[in-house]
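**Student:** Dropping the structure in here first, questions after.
The values are calculated or read from the model by the stated rules, or taken from the named source; none is laboratory data. All figures in this text were calculated on a predicted structure; none of them were measured in a lab. Here the Cβ positions follow ideal geometry from the backbone for every residue, glycine too, while neighbour counts run over all protein chains shown.
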Amino acid sequence: MTHHIVEAIDLHYTYPDGTVGLNGVSFRVSHGESVALVGENGAGKSTLLLHLNGCLTAAQGTLRIGDYPLNSKNLNEVRRSLGMVFQNPDDQLFMPTVFDDVAFGPLNFGMTKDEAKQTVLRALETAGVGHLAKRPPYKLSQGEKRSVSIATVLAMSPDILVLDEPTSSLDPRSRRRLIELLKTFEHTKIIATHDLDMALELCERTIVLHGGCVTADASTQEILQDEAFLHANSLEKPLCMQKISLWDPNKIPHHTHHHSDYTHKK
């Protein structure tokens, strides 16, 4: 199934001010893989994602999304097969109501109003926000906006789902709901994130970027257990993997209490 793959070969990109965004990035993501993209701020994660949907164009190298090499001629086909959820939902939501926002893509790609309506309702239900259809997006919480922005992408039935920092600024309950939602998406996922606990839960594979270069591409478990490597790339072991050291019984001071200390006086 080639229509679910993402392949980058020797991508280079430098911003107009001379900042190097990508410096020879290569990788291949196959059908059905969930891949985390991690690295410190400025490592090149967002730059790479903006190449995947054609917002930026590499100065050198090639990029293939599904069945198509990414170029201006194929841009519409690429954007139909790859759905991008931006870091800030406000960049994605601009219509008067949630329903209108989710319907925007399907209507622009030629669906009839009836087809679009069914598609929108299905996408909103999948994202757990069917009850928000008539609400104006600007009145939603961050968690609700994030779920609606995902619904706008799901309505396009993409083969590949790309998310930029999907859990940023979410409360714990919204974060958990989002993770459970992403588990239901069976196609290819690429998730750029600082949330390494989420990466561990959702992604079997992780690509690490540092200074615009790929410094590791291996199993998430393997990468996140290597403390020296994480430190060198300005990353930290996920909290769920730190519990052992945090709760090491040898580090907890022992106190001897007499039974009478805990007896209630009557």
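**Student:** Regarding Leu163, is this residue aliphatic (A, V, I, L, M) and touching a residue at least 40 places away in the same chain (Cβ under 8 Å)? Spell out the reasoning first.
**Tutor:** Details: aliphatic (A, V, I, L, M): yes; touching a residue at least 40 places away in the same chain (Cβ under 8 Å): yes.
Criteria met by Leu163.
**Student:** Does any residue in segment 208-224 that is surrounded by 16 or more Cβ atoms within 10 Å (Cβ to Cβ) come within less than 9 Å, Cβ to Cβ, of a residue that is among the acidic types (Asp, Glu) and part of a strand (DSSP E or B) six or more places away or on a different chain, and which pairs are these?
**Tutor:** As it stands, the answer is Val208/Asp217; Ile223/Asp217, since those pairs meet every condition given.
**Student:** I've got another one for you. Any chance segment 144-153 includes a residue that's surrounded by fewer than 21 Cβ atoms within 10 Å (Cβ to Cβ) and farther than 23 Å from Phe109 by Cα? Outline the logic, then answer.
**Tutor:** Residues of segment 144-153 that are surrounded by fewer than 21 Cβ atoms within 10 Å (Cβ to Cβ), as a first pass: 144.
From what's left, farther than 23 Å from Phe109 by Cα: 144.
Yes, segment 144-153 contains at least one residue that is surrounded by fewer than 21 Cβ atoms within 10 Å (Cβ to Cβ) and farther than 23 Å from Phe109 by Cα.
**Student:** Now for a separate question. If you go through segment 40-83, how many residues are acidic (Asp, Glu), farther than 30 Å from Phe229 by Cα and either touching a Ser or Thr at 6+ places or on another chain (Cβ under 8 Å) or in contact (Cβ under 8 Å) with a residue 40 or more places away in the chain (or both)? Give the derivation first.
**Tutor:** Start the filter on segment 40-83 by keeping residues that are acidic (Asp, Glu), which leaves 40, 67, 77.
Of the ones still in play, those that are also farther than 30 Å from Phe229 by Cα are 67, 77.
Those still in the list that are either touching a Ser or Thr at 6+ places or on another chain (Cβ under 8 Å) or in contact (Cβ under 8 Å) with a residue 40 or more places away in the chain (or both) too: 67.
Total meeting the criteria: 1.
**Student:** Checking Asp101 against (1) touching a Pro at 6+ places or on another chain (Cβ under 8 Å); (2) in a loop (DSSP other than H, G, I, E, B); (3) surrounded by 20 or more Cβ atoms within 10 Å (Cβ to Cβ): exactly one of these is not met. Which one?
**Tutor:** Tallying (1) touching a Pro at 6+ places or on another chain (Cβ under 8 Å); (2) in a loop (DSSP other than H, G, I, E, B); (3) surrounded by 20 or more Cβ atoms within 10 Å (Cβ to Cβ), Asp101 fails exactly one: (2).
**Student:** Got at least one residue in segment 35-52 being touching a Cys at 6+ places or on another chain (Cβ under 7 Å) and under 23 Å from Cys213 (Cα atoms)? First the steps, then the outcome.
**Tutor:** Applying the first criterion (touching a Cys at 6+ places or on another chain (Cβ under 7 Å)) to segment 35-52 yields 35-36.
Next, from what is left, pick out any that are under 23 Å from Cys213 (Cα atoms): 35-36.
Yes: one or more hits.
The rows are residues; the columns are (1) farther than 24 Å from Leu50 by Cα; (2) surrounded by 15 or more Cβ atoms within 10 Å (Cβ to Cβ).
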position: Asn76; (1), (2): no, no
position: Arg80; (1), (2): no, yes
position: Gln87; (1), (2): no, yes
position: Thr119; (1), (2): yes, yes
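**Student:** Let me ask something else about it. Return the residues of segment 9-36 that are surrounded by 14 or more Cβ atoms within 10 Å (Cβ to Cβ), over 14 Å from Ala58 (Cβ atoms) and small (Gly, Ala, Ser); say none if nothing qualifies.
**Tutor:** If the condition is that a residue be surrounded by 14 or more Cβ atoms within 10 Å (Cβ to Cβ), over 14 Å from Ala58 (Cβ atoms) and small (Gly, Ala, Ser), then Ser30, Ser34, Ala36 are the ones that fit.
**Student:** Test Lys243 against the criterion of being of a type in the set (Lys, Arg) and either at pLDDT 90 or above or out of contact with any helix residue (DSSP H, G or I) (no Cβ under 7 Å at 6 or more places or on another chain) (or both), and give yes or no.
**Tutor:** Against the criterion (of a type in the set (Lys, Arg) and either at pLDDT 90 or above or out of contact with any helix residue (DSSP H, G or I) (no Cβ under 7 Å at 6 or more places or on another chain) (or both)), Lys243 qualifies.
**Student:** Going through segment 107-140 one residue at a time, which ones are part of a loop (DSSP other than H, G, I, E, B), in contact (Cβ under 8 Å) with a residue 24 or more places away in the chain and more than 16 Å from Thr97 (Cβ to Cβ)? Lay out the reasoning, then the answer.
**Tutor:** Of the residues in segment 107-140, the ones part of a loop (DSSP other than H, G, I, E, B) are 109-112, 127-129, 133-136, 140.
From what's left, in contact (Cβ under 8 Å) with a residue 24 or more places away in the chain: 109, 127-129, 133-136, 140.
Listed by number, the residues that qualify are Phe109, Gly128.
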